[in-house]
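Shown next, in structure tokens, is the structure this report addresses.
Each reported figure results from applying straightforward, stated rules to the coordinates on display, with no laboratory input. All values derive from a computational prediction rather than experimental measurement. Cβ coordinates were reconstructed from backbone atoms using ideal geometry, including for glycine residues, and neighbour counts include every protein chain displayed.
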Amino acid sequence: MVGTIRKNKREIPVEFNSKRKKSTIPYNMFGFKEGTTLVSHTSQKGKLVLLLSTMHHDDAIDHTTKEKNKPEITTYYNKTKGAVDVVDEMKGTYSVSRKTNHWPLVIFFSILNISGINA
């Protein structure tokens, strides 16, 4: 499993949230613990991305991309995230959800939305 993680989670070490000041050189920081890998990747544009992976267990750099010093985890995530983005977009376009304060209805509407996409 590979995915992004929010920067404001308290479980994330402070070192992984710090950006380098206006550097044009991409910067990576890797953390390993019990079968999971955490990567803090700052791209050439200066955007910080945190990725968590249970598939990758090393600090491999992908040399086949245009961007230098890009982690293999980031490349894999970018290749496989397409389906999630399509589902989120379609859920917004073809939504049957209604505004409600009852949590069972929220779950029901979410299941209906995803079922409609799968149909």
Cα-based helix-to-principal-axis angle, 103-118 vs the chain, degrees rounded to 10: 80
Mind checking the full-extension length gain between residue 81 and residue 6? Use 0.36 nm per residue of separation minus the Cα-Cα distance, one decimal, nm. 25.4 nm
If N is the residue count of the stretch 2-80, its Cα Rg over 2.2 N^0.38 Å rounds to 1.03
Separation between the residue 60 and residue 107 pseudo-spin-labels, each 7 Å from Cα along Cα→Cβ, expressed in nm? 3.9
Please grab the % of Cα pairs in the stretch 50-99 that end up more than 15 Å from each other. 59
From phi via Karplus (6.51, -1.76, 1.60), per-residue ³J(HN,Hα) for the stretch 28-41 in Hz, x at Gly/Pro: 10, 9, 10, x, 10, 7, 6, x, 10, 10, 10, 10, 10, 10
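Using a 10 Å cut-off around each Cβ, can you sort 2, 14 from fewest to most neighbouring Cβ atoms?
Details: 2 19, 14 6.
By the 10 Å Cβ count, ascending: 14, 2.
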About the Cα centre of the stretch 1-91, how large is the charge dipole given +1 on each Lys and Arg Cβ and -1 on each Asp and Glu Cβ? Please answer in debye to the nearest 20. 580
